[in-house]
Amino acid sequence: MSKPSAFITMYPSSRILSVVMALLLSLLSLSPLAAQEKKSQRLEDGSRYRYPLLDGLIVGVDLFQPVVSIFGQQYANYQASLEVSFYNRFFPIWETGIGWADNTPDDGNFTYKVSPTLYNRLGMLYNFNYNSTAPGYIYGGLLYGFSVFSYDITNIDLTSSYWGTSDKAAIYDCHSRAQWLELLAGIRVNLYKGLKMGFSVRYKVLLKAADYGTTRPWIIPGMGKRNGGFDFTYSVYYQIPIKTRKQRVAAE
């Protein structure tokens, strides 16, 4: 039996490269504030950083995916994140969550299901306004994601107009593992003390996804549809302070 056509739809590699490069270039020119920071690498007292080496832990929860699933999207990723702030400039990040799918493509010739499955992402964020005392900042980053999961393909339409027959088939318990990259840019704003909110725009590129027999995964926990493309997050955060020395945060 041939695999459903949606399973072999691939995003042209040249287009992926051009979009990723365009997004990367836009990151480098996101804000005049970034250039402003570059002009003055040293503070008034001669030090390089306004914030301490270990500036705090940041925990976050994405609210965007639960909302879009309420409004009818047939797959979603529910996730939380943990970051470590170094100098308020570098943010190693770990994102983990649960992804699921119960989706039928527009042509309706099969249904693709993934039970709630754990996924993880690891990466680094960079704050372009790391020495600023402004109530928010612009950042960019790169994440590596991976997931091990199983999926079912049900309601496969085997209708033949030539033979005048109609039948349904299903393939259960298909196993796969996937890896992908996410290039992102975002904005965060301080609300009250350690409470923050913000959004990010992400471009996802599939590195590898293991096929299972004659099938290949269509929707991947943590990534979404295998052809990648743009995605969004809208999150709330709380920064847990870790004071290693006195912070110089007086208003400029």
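Please verify whether Ala170 is touching an Asp or Glu at 6+ places or on another chain (Cβ under 8 Å), surrounded by fewer than 19 Cβ atoms within 10 Å (Cβ to Cβ) and of a type in the set (Gly, Ala, Ser), treating the condition exactly as stated. So Ala170 passes the test. With respect to the conditions (1) assigned to a strand (DSSP E or B); (2) touching a Leu at 6+ places or on another chain (Cβ under 9 Å), His175 lacks only one, and its number is (2). Can we say Trp180 is surrounded by 14 or more Cβ atoms within 10 Å (Cβ to Cβ), touching a Leu at 6+ places or on another chain (Cβ under 6 Å) and not hydroxyl-bearing (Ser, Thr, Tyr)? When the stated conditions are applied, Trp180 passes them.
Inspection of region 139-158 finds no residue satisfying the criterion of being within 25 Å of Phe230 (Cβ to Cβ), in a loop (DSSP other than H, G, I, E, B) and not hydroxyl-bearing (Ser, Thr, Tyr).
You will find that of Ser85, Ser81, the residue that is surrounded by 14 or more Cβ atoms within 10 Å (Cβ to Cβ), farther than 16 Å from Leu118 by Cα, at pLDDT 90 or above and polar (S, T, N, Q) is Ser85 and no other. Scanning region 98-114 for residues that are surrounded by fewer than 20 Cβ atoms within 10 Å (Cβ to Cβ) and within 16 Å of Leu158 (Cα to Cα) turns up Thr104, Pro105, Asp107, Gly108, Asn109, Thr111.
Number of residues in region 173-205 that are under 13 Å from Asp231 (Cβ atoms) and either modelled with pLDDT under 95 or not β-branched (Val, Ile, Thr) (or both): the value is 12. The C-beta contact set for region 180-192 (first residue over 20 Å from Tyr119 (Cβ atoms), second residue β-branched (Val, Ile, Thr) and modelled with pLDDT of 95 or more, distance under 9 angstrom, 6+ apart or interchain) comprises Ala185/Ile138; Ala185/Val201; Ile187/Ile138; Arg188/Ile138; Leu191/Val236.
Within region 186-226, the residues that satisfy the criterion of being in a loop (DSSP other than H, G, I, E, B) and within 17 Å of Val59 (Cβ to Cβ) are Lys193, Gly194. A count restricted to region 51-76 and to residues that are of a type outside the set (S, T, N, Q), modelled with pLDDT under 90 and assigned to a loop (DSSP other than H, G, I, E, B) stands at 2. Taking residues in region 195-214 that are touching a residue at least 60 places away in the same chain (Cβ under 8 Å) and surrounded by fewer than 19 Cβ atoms within 10 Å (Cβ to Cβ), and partners anywhere that are of a type in the set (Lys, Arg) and in a strand (DSSP E or B), the pairs with Cβ atoms closer than 9 Å and at least 6 places apart or on different chains are Phe199/Arg188.
The values are calculated or read from the model by the stated rules, or taken from the named source; none is laboratory data. Keep in mind the model is a prediction, meaning the values are calculated, not measured. Ideal geometry is used to build each Cβ from the backbone, glycine not excepted, and the neighbour counts take in all protein chains shown.
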